[in-house]
Amino acid sequence: MSPEPVAVLGAGGTIGAAMTRNLLAAGIEVRAWNRTARKAAPLADDGASVAGEAAEAAAGAGVVLTVLADADATLDVAHDALPEAGDGALWLQMGTIGIEGTEACAELARERDVVLVDAPVLGTKQPAEAGELIVLGSGPEEAREPAAPYFDAVGKKTMWVGEAGAGTRLKLVSNSWILAIVEGLAETIALAERLDVDPASFLEAIEGGPLDAGYARVKGKAMQERSFEPSFKLALAAKDAALVERAARERGAELPLISAIRARLDEAVDEHGELDMAATFLTSADDVG
């Protein structure tokens, strides 16, 4: 049987648009909606049915996929859309919204009699466009099979990690590592420049060894070239850092590094928030220089 049509809410964002195109490429019918309508409009050329309202996109849908910027946006849209979805619909919540946001979604799913699968993803613009995201799925066992065609269309690997909420917790842990790499790299490149060391020499020194990381080479190149076309916006990275810090604090963990990174990203948001997260380097460069 062909997969049911899916309503993608948040289809105009970087990740949402890529997901929509990959779902269409997999032969799945997509009803696309985005708060900023002009961002979703081009998806019609790819074969999506672009709706003017979230409720319109979700009307009668057996599957609703949300990929929005934060918990408030997700809950606001879901409140409008889920009552229009089919009875027992599958809700694939794939945005990064933190623990409290996911718990609120679980409560809403119970109220609306839909099945929540908490499935944030690892990956930014390029892997999203290539259909190579890592899906961190969590939810009821009976949801795995019906969710698989949608996850397979947007990702190269799906991990099932437990009941709904487990995916979000794993995403927060993963984000802690990603944020530490990028901020640490930003300060390393800034220090290299201050010490009259070519940053490329540093990257060459670690290349191929245990200290190497592909992410460091990609973001390091962007920092050296001062080229920050957004793959993942700095403003969203700051939001994610706040979610990690909050989760740690509420579980009694003292993590001064993530708190420092969150403060540093917040400092950069006003001026560089729409640039790639690697633009946190500009704050370090200014300070060092």
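For the stretch 174-194, the criterion of being basic (Lys, Arg), assigned by TED's automatic domain parsing to the domain that holds Pro230 and part of a helix (DSSP H, G or I) is satisfied by at least one residue.
Going by the structure shown, is Arg31 buried (at least 16 other Cβ atoms within 10 Å of the Cβ) and either assigned by TED's automatic domain parsing to the domain that holds Asp80 or in a helix (DSSP H, G or I) (or both)?
Here the answer is yes, as Arg31 does meet what is asked.
Please state which one of Arg217, Arg249 is without any contact (Cβ under 8 Å) to a residue 12 or more places away in the chain, out of contact with any strand residue (DSSP E or B) (no Cβ under 7 Å at 6 or more places or on another chain) and either under 18 Å from Leu282 (Cα atoms) or assigned by TED's automatic domain parsing to the domain that holds Asp276 (or both). Just one listed residue meets the conditions, Arg249. Please verify whether the stretch 44-51 includes one or more residues that are assigned to a helix (DSSP H, G or I), within 29 Å of Glu274 (Cβ to Cβ) and touching a residue at least 40 places away in the same chain (Cβ under 8 Å). Scanning the stretch 44-51 turns up no residue that is assigned to a helix (DSSP H, G or I), within 29 Å of Glu274 (Cβ to Cβ) and touching a residue at least 40 places away in the same chain (Cβ under 8 Å).
The values are calculated or read from the model by the stated rules, or taken from the named source; none is laboratory data. These figures come from a predicted structure and were not determined experimentally. Please note: Cβ atoms are built from the backbone with ideal geometry, for glycine as well, and neighbour counts cover all protein chains shown.
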